[in-house]
1. Of Arg158, Arg119, Arg131, Arg178, which residue is among the basic types (Lys, Arg), away from the ligand (no atom under 11 Å from the Cβ) and surrounded by 22 or more Cβ atoms within 10 Å (Cβ to Cβ)?
2. Here's a check for you: in region 1-23, which residue that is among the small types (Gly, Ala, Ser) and in a helix (DSSP H, G or I) is surrounded by the most Cβ atoms within 10 Å (Cβ to Cβ)?
3. Could you say which residue among Ile82, Ile49, Ile89 is in a loop (DSSP other than H, G, I, E, B) and modelled with pLDDT of 95 or more?
4. Looking at (1) without any contact (Cβ under 8 Å) to a residue 40 or more places away in the chain; (2) within 12 Å of the ligand (Cβ to nearest atom); (3) not hydrophobic (A, V, I, L, M, F, W, C), find the lone condition where Lys100 falls short.
5. Just one of Glu191, Glu120 is over 18 Å from the mean Cα position of the chain (by Cα), under 19 Å from Leu18 (Cα atoms) and in contact (Cβ under 8 Å) with a residue 12 or more places away in the chain; which is it?
6. Do we find that Lys62 is in a helix (DSSP H, G or I), touching a Leu at 6+ places or on another chain (Cβ under 9 Å), more than 16 Å from the ligand (Cβ to nearest atom) and modelled with pLDDT of 95 or more in this structure?
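The values are calculated or read from the model by the stated rules, or taken from the named source; none is laboratory data. Remember, it's a predicted structure, so these values are computed and weren't measured experimentally. Cβ placement follows ideal geometry from the backbone for every residue including glycine, while neighbour counts extend to all protein chains displayed.
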Amino acid sequence: MKSEERLKTDMRRLRGLLKKVLADDEGARRALQSGDEARILDVACGACIEAETLSDVLAELKNGDAPVDVDSAGPAVKLTGIDVRAREIADAQLRFDKMKDGREFEFLTGDATKLEGHRELGEDFDVVFMRHQNYWNGQRTWEEIFDQGMKKLADNGRLVITSYFDKEHELALEAIQRLGGKLIVTEENAESRELSTVGKSIDRHIAVFEKKK
Ligand SMILES: C[S@@+](CC[C@H](N)C(=O)[O-])C[C@H]1O[C@@H](n2cnc3c(N)ncnc32)[C@H](O)[C@@H]1O
């Protein structure tokens, strides 16, 4: 399979996975529907391949599967992506229009261990997403990123992570719960695409948390 087709397949599977874990989550739906605009923060997003898929799914959840009103004055969904790598962020900025079909995208280069310092991001995100979190390769850094990500959540907001491999997912689940996250669901991706490293695959696991009340 060509790499472009592989990416499309990965996105189709990620879409299914997000719907599976969020579609019946009343709290997430309430958070997404609570204001005019649903706000998503995609942390450590790299080139943010998933920007469109993620904003599509959340727009559908916000609108109860009604089509997004593309003529409305403001965006129904605003996705902000942040990563420490400027080149990947520049790629994301090139790939996604600033405003498209009732969705707005913005991408920033920055250190996600210091989200509090990024005042331009604002607060109260409905969903904070971390695709392929990298806890295994820097536990201290990623504990800071998890902690900072959770602080950016609105009251009913959801922290959603995906992981490449089993042990990393298990350790991240423990860390996030230690840091004040309440696990709502964790799900294995039955269709996850295997990578060359044994045991590692695309969006192998997904988990959803809320802040402990
Ligand atoms: C495994 S990659 C995942 C990238 C992307 N989410 C994906 O799924 O393709 C981990 C990402 O974390 C980013 N990262 C690592 N430390 C970071 C930090 N302190 N602040 C922001 N991004 C960071 C890296 O630059 C990299 O893009």
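1. Step by step, each of Arg158, Arg119, Arg131, Arg178 is checked, and only Arg158 is among the basic types (Lys, Arg), away from the ligand (no atom under 11 Å from the Cβ) and surrounded by 22 or more Cβ atoms within 10 Å (Cβ to Cβ).
2. Gly16
3. Going through Ile82, Ile49, Ile89 in turn, the sole match is Ile49.
4. Exception for Lys100: condition (2).
5. Glu191
6. no
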